[in-house]
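Reviewing the structure listed below.
The values are calculated or read from the model by the stated rules, or taken from the named source; none is laboratory data. Computed from a predicted structure; not experimentally measured. Cβ placement follows ideal geometry from the backbone for every residue including glycine, while neighbour counts extend to all protein chains displayed. Side chains are part of the model used for accessible areas, which takes the heavy atoms of the whole protein and leaves out ligands, DNA and RNA. Shrake-Rupley method; radii C 1.70, N 1.55, O 1.52, S 1.80 Å.
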Amino acid sequence: YKVPTRRLGFVRANADWKLTSGKIGTYALFSDSLQKSNTTDYETMEYHTDRYELGVMGEKNIGDTWVLNGFASGKLYTLDSDFKNVTTNNIRDTDAKFADGETEIRASWDPNLTNSVLMGFNGNFQTINGDSFSGTKKQLLLSSFAQDTLTIGSSGKLLIVPGARLDFAPPLDGGKTLWQATPKLSVKYNPHENTTLRFSYGMGYKVPSLKQKYWIFTHDYSGGGGSFVLYGNPDLNPESSHGFNLGVEQKIGSYARLSASGYFNFIHNLIANYITGSDPLGHYTRSYRNIDKALTFGGDISAHAKFKRTLLAASYAYTEAKEYSNAHGKYIDSAFRVRHRATTSVSYMIPVIETNVSMHLEWNSPELLDYDLDIWSPDFFMAGLTIDKKLDRKS
């Protein structure tokens, strides 16, 4: 096998202006990537991508109680994938182009010490074209949102944040008009200066992306069972959800902090992909679909300790995902979910030379790949070591 190679170039430039009552910032970004993946002398696979991005953001103070801010950005992403097998005379050259324009305007209003109001509008226009379908597909997403942070009591022990969002998608390309109002509520309570309790509820709404609806993605470069073709589904429906979160955080002295949280989500029309079969070349074929009912729940616990020169951290996360299967007549385990994840890290600043050394360890349990065939991925373990030193103490 030839050695896989990757080339990546990245350039970013930005400029900021501070004004008497606000600020303005601009940025430009370009990246270029070429990946030649695990190929042989008679088979080659290349992915070439370019990314262009421009943006401007600003903030304006109006009196003592109003602040206006927002941004506008434009993004262009191109993909050229070339696959060639000289023994089978199989040659595939696919091109795609994605464009994205987004604008958001937000207004903050602090009329008194109790209320802090945030309101705004977001507009996002996307297009996609490529070899896997004809013409250019378009999508426009519009949303407005508002929330009020209520500070109860002079000491700020209780914070209540109610809010709402309205999403709207007009019927471009002969589609359907989509809209949904989603509420949210967050509560933070400090019964003691070292103890914090949090609760939140939120309804989510997600319109399927143009990639999920139309694009055909060929994943050829991994070889064996890792190769697949992922097909879009233009009949996908929007995904909606109801989520609940509960958490507690406890400070122990001046150095340590413990936290624990749990969550539960009910999802309607979950957007997921699944294996549909295989093609004549031996690739798995996958497609997006809506899962009528799905549940995700779990929790995590973490501990942090910070001393003069040492930082310690450890965490464990448990995730359970179920989807209702009409074929089985019950909720079954969902695929592609890491059920158990454990991480730990330690960082130490070496005296005299003032050099920081950090080590990070992470373990992930096996993932379910196919429920009916009982296929699981292996678990995996990662370790990382980082050494950094600040050369200019004044910076």
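For the chain, with a Gaussian network of springs between Cα atoms less than 10 Å apart, report the residue from H268, H328, H360 with the top mean-square fluctuation.
Judging by the Gaussian network model, the answer is H328.
Beta carbons within 10 angstrom, averaged per residue: use that to sort the peptides 345-352, 182-189, highest first. Numbers along the way, then the final one.
Details: 345-352: 13.0, 182-189: 15.9.
Order by mean packing, descending: 182-189, 345-352.
Under the rule of at least 5 residues apart or a separate chain, name every residue whose amide H is placed under 5 Å from the amide H of S325.
K330, Y331, I332
What lysines sit close enough to K293 to cross-link, taking a C-alpha to C-alpha distance under 26 Å and skipping anything fewer than 8 places away on the same chain?
Correct list for K293: K176, K184, K206, K211, K213, K322, K330.
Any idea what the relative contact order of the chain is, in percent, if you count C-alpha pairs under 8 Å spaced at least 6 apart? Intermediate values should be presented prior to the final figure.
Numbers: 1023 pairs, mean separation 26.3, N = 395.
Answer for the chain is 7 percent.
For K188, go through the lysines and keep the ones whose alpha-carbon is under 17 Å away, minus same-chain ones fewer than eight residues off.
Those lysines meeting the cut-off are K157, K251.
Give me the three principal axis extents of the chain from the C-alpha atoms, as integers in angstrom, largest value leading.
75, 57, 54 Å, listed from the longest principal axis down.
Stretched out fully, how many nm does the piece from T343 to F30 gain, at 0.36 nm a residue minus the Cα gap? Don't skip to the end; give the middle numbers.
Values: separation 313, 0.36 × 313 = 112.68 nm, distance 3.37 nm.
Gain on extension, T343 to F30, equals 109.3 nm.
State, to one decimal in nm, how far the label point of I332 lies from the label point of E249, with both points 7 Å from Cα in the Cβ direction.
In this crude label model, I332 to E249 measures out at 4.1 nm.
Report the relative contact order of region 290-395, percent, no decimals, based on alpha-carbon pairs under 8 angstrom and at least 6 residues apart. If you can, show how the numbers build up before the last one.
Working: 221 pairs, mean separation 21.1, N = 106.
Computed value for region 290-395: 20 percent relative contact order.
For the pair F121 and H304, what calculated FRET efficiency results from E = 1/(1 + (r/R0)^6), where r is the Cβ-Cβ distance and R0 = 45 Å, to the nearest 0.05?
On the way: r = 38 Å, r/R0 = 0.84.
Once rounded, the FRET efficiency stands at 0.75.
Could you calculate the FRET efficiency of K206 with V352 from 1/(1 + (r/R0)^6), where r is the beta carbon distance between them and R0 is 35 Å, rounded to 0.05? Please list the in-between numbers first.
On the way: r = 53 Å, r/R0 = 1.50.
Calculated value: 0.10.
Taking 7 Å along the Cα-to-C-beta vector as the label spot, tell me the W179-K84 distance in nanometres, rounded to one decimal.
Output for this residue pair reads 5.3 nm.
Build a GNM of the chain with springs between Cα atoms under 10 Å: which of D100, D16, D148 gets the top mean-square fluctuation?
Of the options given, D16 has the highest mean-square fluctuation.
Could you give the length gained on full extension between K75 and L140, defined as 0.36 nm per residue of separation minus the Cα-Cα distance, in nm? It would help to have the intermediate numbers written out before the result.
Values: separation 65, 0.36 × 65 = 23.40 nm, distance 1.48 nm.
Extending this stretch completely gives an extra 21.9 nm.
Mind checking which lysines have their C-alpha under 21 Å from K84, skipping anything on the same chain fewer than 8 residues away?
Correct list for K84: K2, K36.
If contacts are Cα pairs under 8 angstrom and at least 6 residues apart, what is the relative contact order of region 34-159 in percent?
Values: 280 pairs, mean separation 22.6, N = 126.
After rounding, I find 18 percent.
With the cut-off at 1.5 for a/c, could you classify region 245-386 from its C-alpha gyration tensor as rounded, prolate or oblate?
Working: a/c = 3.86, a/b = 1.88, b/c = 2.06.
Because a/c hits 1.5 or more and a/b fails to exceed b/c, region 245-386 counts as oblate.
Where the accessible area of the chain is counted over protein heavy atoms with a 1.4 Å probe, how much of it, in %, is carbon and sulfur? Write down the numbers at each step before the final one.
Numbers: 13850 of 23710 Å².
That share works out to 58 percent.
Evaluate the distance, in nm, between pseudo-label points positioned 7 Å from the Cα of L391 and of T276 along their respective Cα→Cβ axes.
That separation, rounded to one decimal, is 5.5 nm.
Give the calculated FRET efficiency between T5 and S154 to the nearest 0.05, with a Förster radius of 45 Å applied to their Cβ-Cβ distance. Mind showing how you got there, number by number?
Working: r = 62 Å, r/R0 = 1.39.
Using R0 = 45 Å, I get an efficiency of 0.10.
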